[in-house]
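J.: Before I ask anything, let me first share the structure, which is written out below as structure tokens.
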Amino acid sequence: MSFFSVSQSDSVLSRLWSLVRRLRGQVHELRGRIRGLEAELAEVRERLQRNSGNSSRPPSSDGPGRHRRRSSGEGGRRRGGVVGHKGSGPKLLKADREQNLRPQCCPCGSERLGAPRRFHTHQHVELPEVPLEVTHFHLHSARCLACGNTVKAEIPEHFRNGCGPRLHALVAELSGIHRNSRRTVQRFLHSFLKLPVSLGGLQRMIDRASVSVAPHYELIGRIARSRKVNHIDETSWPAEGRRHWLWTMAGAQAAFFMLHPHRSNDAFKQLVKEWKGVMGSDDYGLYRSWEHGRQTCLAHLIRTARGFAESSDESRANFGTKVKKLLQDLCGRNGPPSQEWIEEWSKRFHKAINPWLGKTGPPAAFARRLDEELFEMWTFLCVDGMEPTNNRAERALRFAVLWRKMSLGTQSEKGERWIERVASLQETCRLRDRSTFDLFVDALTASFHRCAPDLRWLSNA
């Protein structure tokens, strides 16, 4: 038995149907929001899993415990020497003394032995006691018998600094090259040489060393700008309480460093000046506009692709896996590519990225970036001396990055010039297998005698 009339029933059904439609709309909206939140959650999870191995983030951002030791079954060879390889052993140094050791008897008890022959040279190295060579200059005065004036003796000019060039060079080496604090250097000199030096005295010695190597620094800059190929990079640097940027221009024979308040096009122009060579770099925006030939860093691209390959989303993972394999194949090639190889690789490359070019999101943005930098990926195959990655510049910056961690930057203009000069000297000497200590000694000796420094070690290469 119905309690509603026909008109009332139609009205109720209409309201119920309206309610159903409204609820359906809300359900559809909520489902869309859920899908969006799930995608956002997946993106956050991927972002949290990113490190220096699967993105462009620097290793310093990984935090403790990120890097685990690779086991022998993860693709790398076992630790230690290869079976059957003789090895090199310690390098034999020039001997000050030699001693021949001959056997006296056989373990069987017999003393009848044949003519001895040498089968091995054992090297023993010891550090002798290092005494300080101290000279006292007793200054005398005398009265002129002709005019009555008092004449005083003067200290020879190259002895006026109180410490010689080798001691200055040792302080510069310990402080600059080995990144020790002033206090640590002070304690070392007192412990090893029994030499008391104030912190102010140490700073004056470092300042003299910095001034003495300034000509070497300027020549390194000119050499770097004269080369056809350079790798360029920059890193932040605390200077006088503000963030500056330490730039490097690193080639095969020279690495030049410059500290600048900005990470700008003006700073970049000041670094390269009139240089028009082929540049290796990461994907920082101002590098992409270089018009004279550029190699983009394949290592950065591979790490980004690896991040997508590790995604929980299947389509992203497939995209990242394909791109990573293509970039690794490219990075492993040597010599100019054939036209057939270029066509085949490009075909596979576009097949991997084209489905993403018209979409939105991180994979689409990465695909567009790859498409824009396609012709800057294989410059290294056509230009001698160019590397497929920007590791050369990153290796050069590592010295300064470690210094930054230990010193927290620089606090004066003199300190800023010191980091520029010592970083340039350290990396250039490493590239040329030169001793930085010997270089400091020569530069300081020339400075004390007011002579021009010997720069032939730079100009000969």
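J.: Calculate the FRET efficiency for residue 284 and residue 312 from the Cβ-Cβ distance with a Förster distance of 41 Å, rounded to the nearest 0.05. Kindly include the intermediate steps, with their values, before the conclusion.
T.: On the way: r = 30 Å, r/R0 = 0.73.
The calculated FRET efficiency here is 0.85.
J.: Rounded to the nearest 500, what is the chain's calculated 222 nm mean residue ellipticity when only DSSP H runs of at least 4 contribute -39500 (n - 2.57) each, over all residues? Walk me through the numbers before you get to the answer.
T.: Numbers: 15 runs with 214 residues, N = 461.
Rounded to the nearest 500, the figure is -15000 deg cm²/dmol.
J.: Given a Förster radius of 45 Å and the C-beta distance between residue 348 and residue 44 as r, what FRET efficiency does 1/(1 + (r/R0)^6) yield to the nearest 0.05? Mind dumping the intermediate values first?
T.: Values: r = 32 Å, r/R0 = 0.71.
Rounded to the nearest 0.05, the efficiency is 0.90.
J.: For the stretch 321-461, what is the Kirkwood estimate of the hydrodynamic radius, computed as the reciprocal of the mean inverse distance between distinct Cα atoms, to one decimal in Å? Don't skip to the answer; put the middle values down first.
T.: Working: mean 1/r = 0.0512 Å⁻¹.
One decimal place: 19.5 Å for the Kirkwood radius.
J.: Where in the stretch 108-132 does the label zone of residue 93 land, with the point 7 angstrom along Cα→C-beta and an amide N cut-off under 19 Å?
T.: Within reach of a label on residue 93, which here means backbone N under 19 Å from a point 7 Å along Cα→Cβ, the stretch 108-132 contributes 121-132.
J.: Using only Cα positions of the chain, each an equal point scatterer, no hydration layer, compute I(q)/I(0) via Debye at q = 0.13 Å⁻¹ and quote the log10 values to two decimals.
T.: -1.29
J.: Sorting 97, 306 on the 10 Å Cβ count, fewest up front, what's the list? Could the numbers behind the result be given before it?
T.: Numbers: 97 5, 306 19.
Taking fewest neighbouring Cβ atoms as first place, the list is 97, 306.
J.: Using packing as a proxy for protection, rank 248-256, 412-420, 126-134, 148-156 so that the peptide with the highest average count of other Cβ atoms within 10 Å comes first. All intermediate terms of the calculation are to be shown ahead of the outcome.
T.: Numbers: 248-256: 24.7, 412-420: 17.8, 126-134: 6.9, 148-156: 9.2.
Per-residue Cβ counts within 10 Å, averaged per peptide and sorted highest first, yield 248-256, 412-420, 148-156, 126-134.
J.: Would you mind calculating the gained length between residue 141 and residue 329 on full extension (0.36 nm times residue separation, minus the Cα-Cα distance), in nm to one decimal? Write down the numbers at each step before the final one.
T.: Details: separation 188, 0.36 × 188 = 67.68 nm, distance 8.00 nm.
Residue separation times 0.36 nm, minus the Cα-Cα distance, leaves 59.7 nm.
J.: I would also like to ask the following. Just from the alpha-carbon atoms, what are the Rg and Dmax of the stretch 213-257 in angstroms?
T.: 12.1, 37
J.: Checking a compactness column here: for the stretch 224-295, what do you get for Rg(Cα) / (2.2 N^0.38 Å), N being the number of residues? Spell out each step's value before the answer.
T.: Values: Rg = 11.9 Å, N = 72, 2.2 N^0.38 = 11.2 Å.
In units of the 2.2 N^0.38 Å rule of thumb, it is 1.07.
J.: Taking 0.36 nm per residue of sequence separation and subtracting the Cα-Cα distance, how much length would be gained by fully extending the chain between residue 407 and residue 133, in nm to one decimal? Intermediate values should be presented prior to the final figure.
T.: Details: separation 274, 0.36 × 274 = 98.64 nm, distance 3.21 nm.
That works out to 95.4 nm of additional length.
J.: Taking every eigenvalue of the Cα gyration tensor of the stretch 298-381, multiplying by 5 and rooting it, what semi-axes result, largest first, whole Å?
T.: Values: eigenvalues 97, 35, 24 Å².
Equivalent-ellipsoid dimensions as semi-axes: 22, 13, 11 Å.
FYI, it's all coordinate maths here, none of it is from the lab. Everything quoted here is computed from the prediction, not taken from an experiment. Positions of Cβ are backbone-derived with ideal geometry, glycine not excepted, and every protein chain shown enters the neighbour counts.
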